[in-house]
Amino acid sequence: MNRISNHIISILLAVVFLVGCDKSGEQLTVSNDGSDRIILRFASDKAIESRASEDGTSVESKVEKLDVFIFDEGELFYYESVEPHGATVTLEKPKSAFAKSNYSIYLVANSTNPSKPLSEIKNLTELRQVTETSTTENPLNEIDPTKENGSFLMSGNVDDVRLNDGNADVNTEININLARAAAKIEVVLIEGANKGGDWFQFAPQSNSNTFRLNNWQGVSYVLPDADVVVLPSVDLKKADPYAGNVKFGKETVDGKEVQTITMTTYSYSNDWSTGGNVYEKMTHLVVRVPYMKKSADGGVDEVVDKNYYTIPVSKTNMLKPNHLYRVRVTLKGTGAENEGEDTNLEDIEYEVVSWEDLDIQIGADALPHYLTLNRDELELHNMAGDKTSIGFSSSSEVKIVDGSLKVYYYNKYGTETRVTDRQVLNEIKITPDEGLNGNLNIKSPIPTNNLIRYIEFKVWNGDEECEPITVMVKQYPQEYITYYFGWYSYRKDFGFNYESENKGNGYVTATTYNSNNDTWGYDDDYNLRSKYFGSKVAEQPSAEGYGNQSNYDISWYYWGWGEIREATIRSEKNPRMYHVQITSSALPKFPEDEEFDRIHPNVTYQLGIPRKDALGRTERDEANNNLVSPSFMIASRLGFISGDLPEDDDEVAYKQAASHCANYVEVYYPRDEKGRRLKDASGRELEPVVLDDWRLPTKAELLIIMRYQGTSDQGTEAMEYLLNAPEYMSAGGFVVNPHSTSTGNAIRCVRDHYVNKEINK
């Protein structure tokens, strides 16, 4: 036997089920509000549903009104009363208004006669003191299961809830069980055989079969405590004679078909186990059961109408909220002629179960199978773990599939590289919360190689009808480096580029600079490349991607013999534009470098976007030169210069370098992390992206680049050796390169990068 508890209301707060399975067709529903709202979603249009009997099942579970209380450390933060219409309710207060990390949510359903208006509640203490009183003299007579009228007082709560994690795209699933304040009483009377072997026979069905529930509790706290089952100083009630639902049926006992009478009623909690006259406080039924008596003359059996039994409804002498009290009584002889007289009942069976476990008997194949995650991707920015962002809901216990954990990064060549450091792998742990609803607790030490760490694993609940769900976590260190693969370079003032239609009429080379009027000399001949800057083009990766190839030929390009021609530069092999992103103003943990520390001791910087003047030149003041853009790109080797800047005039050198960077252009194809060209929805490759907003780096930015690139014979995992000249021009003047492999001085332009995120990630 399998049992399903359909009393649960699942409350989904702004939930978006991104992935999952659901074979039941009714329990889980996809919701995507797309706005800054908190959504309460019920499991079905009927809200909660139990099938304890064939009649009145939806009444026992219906939610007609819901009072929502959200407390902040016991004080009311938000209240709203809503009337569900369908499966969802949207609260008026936006999700963004809940700024703190922990709240307590309390729900009161179907309250109609509280001792204090719920809208006036100011704190949790006040709410706990509010009582609800039945408005009639019959047990919860507001409820008529036979007519599907009325509803039950219910409540539920959850504590330490994070409603807003600061990210509108991250949603949270919270399940709150609503429990009824009332107890359900179900008494079954069965025909039985007396000591002489004669069967006690009920009279035919008639209105004479009635029952009265005595000492029933008509008052309850709106938040009843299961361990506090009686209210002080509350008079118990005596029902009218015909209160309750009577149902006639049959069952087989010892091979004989006998009649049954089932009576169903309700009461709020009561405890008569201690103190005073137990009978005066005992909740019990007085039932009237007419029976058939054989006539003395052997004629037609006569009906004896006045036949009463007194039946205690609980063996433990108490009624608890949200519990079902089943009583089976086999009647083997007559009762009392008058109500209230003592009757000797020998065969009584008692059973107490939680009301939610109401014997919904179905086959195993009919069980709903589902596994959902609120998201299957997560980014951790300079964080060693997360335990709140990825939530799950499942029909079975959730686990991480053995052997599915994969940890890797893409190195400076775009090659997928598995993490093999045993110490790191041992510290990476993915642990689901216990139970069918919860979060994934993800722990991983912050990467130290300036590259994004990819943590991939599969979540599964073991149900064959549900496929394992792959989760991808991207873990970003404080400073991380990715890159774009450059295609070609030129300058805006050339009037010609690698794809230009005006071939032969434009320039490919900047030859001289006149600082007096800020003008340049140009030529269309690549042979003048040594004069300053020449346009270049890089060999592009194959359709299969980067592979493990580190070097790609770079060439000068020019127009000759009616076509674009190229002249390979044998010494230049790295067309990557590195993208440095820094998430904290703290000084990064650079690799050890004694030579660098000797030349540039006590390096410091501040995060901020460096200022530029009206001409696009990086301003030169000391404060600006101490700034590092939180996200900046470095021009590739497509941007190297051949000529030197004047060493004897710092101002002229600055103007020349700044003018060059303001005119510099580099173009790339959007690619994925493996180097393959990206395509649009129609399958066409995306057009090249033109980057034309370069500037001169600050002194601090140059020092960051020099430190991250390593040395000529040993680059870092994140960046290939890039800057080889002895000195590079910054907005603050020349900066010495501790690991030079050439002569002269040089420029390497940078740009602030916050758009065009097609970068290799």
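The rows are residues; the columns are (1) in contact with a His (Cβ under 7 Å, 6 or more places away or on another chain); (2) modelled with pLDDT under 85.
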| site | (1), (2) |
| --- | --- |
| 209 | no, yes |
| 214 | yes, yes |
| 221 | no, no |
| 224 | no, no |
| 227 | no, yes |
| 232 | no, yes |
| 240 | no, yes |
| 255 | no, yes |
| 266 | no, no |
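So is residue 501 among the acidic types (Asp, Glu), out of contact with any helix residue (DSSP H, G or I) (no Cβ under 8 Å at 6 or more places or on another chain) and modelled with pLDDT of 80 or more or not? Working first, answer last.
On the way: among the acidic types (Asp, Glu): yes; out of contact with any helix residue (DSSP H, G or I) (no Cβ under 8 Å at 6 or more places or on another chain): yes; modelled with pLDDT of 80 or more: no.
No: the conditions fail for residue 501.
Is it the case that some residue within the stretch 495-512 is assigned by TED's automatic domain parsing to the domain that holds residue 721, part of a strand (DSSP E or B) and surrounded by fewer than 22 Cβ atoms within 10 Å (Cβ to Cβ)? Checking the stretch 495-512: at least one residue is assigned by TED's automatic domain parsing to the domain that holds residue 721, part of a strand (DSSP E or B) and surrounded by fewer than 22 Cβ atoms within 10 Å (Cβ to Cβ). From the set of residues in the stretch 407-456 that are among the acidic types (Asp, Glu) and either part of a loop (DSSP other than H, G, I, E, B) or touching a residue at least 60 places away in the same chain (Cβ under 8 Å) (or both), which is farthest from residue 484 (Cα to Cα)? The selected residue is 434.
Taking (1) under 22 Å from the mean Cα position of the chain (by Cα); (2) over 30 Å from residue 671 (Cβ atoms); (3) in a loop (DSSP other than H, G, I, E, B) in turn, residue 389 satisfies each apart from (2).
Tell me which strands (runs of 3 or more DSSP E) are completely within the stretch 66-123 and hold 2 or more residues being buried (at least 19 other Cβ atoms within 10 Å of the Cβ), or say none if there are none.
On the way: elements: 66-72, 75-82, 88-90, 103-109.
Result: 66-72, 103-109.
Taken over the stretch 695-715, the criterion of being closer than 16 Å to residue 581 by Cα and not small (Gly, Ala, Ser) is satisfied by 697, 698, 701, 702, 703, 704, 705, 706, 707, 708, 709. When the residues of the stretch 445-481 are filtered to those that are touching a Leu at 6+ places or on another chain (Cβ under 8 Å) and either under 30 Å from residue 665 (Cβ atoms) or of a type in the set (S, T, N, Q) (or both), the one that is surrounded by the fewest Cβ atoms within 10 Å (Cβ to Cβ) is 476. Scanning the stretch 706-744 for residues that are of a type in the set (Val, Ile, Thr) and either in a helix (DSSP H, G or I) or surrounded by fewer than 20 Cβ atoms within 10 Å (Cβ to Cβ) (or both) returns 711, 736, 741, 743. Taking the stretch 534-653 and the strands (runs of 3 or more DSSP E) fully enclosed by it, the elements with 1 or more residues that are farther than 20 Å from residue 715 by Cβ and either more than 47 Å from the chain's Cα centre (by Cα) or aromatic (Phe, Trp, Tyr) (or both) are at 536-538, 554-560, 563-569. Here is a check on your reading of the model: is residue 663 touching an Asp or Glu at 6+ places or on another chain (Cβ under 6 Å) and more than 22 Å from residue 414 (Cα to Cα)? In short, yes.
The values are calculated or read from the model by the stated rules, or taken from the named source; none is laboratory data. All values reported here derive from a predicted model rather than from experimental measurement. Note that we place each Cβ from the backbone using ideal geometry, even for glycine, and neighbour counts take in every protein chain shown.
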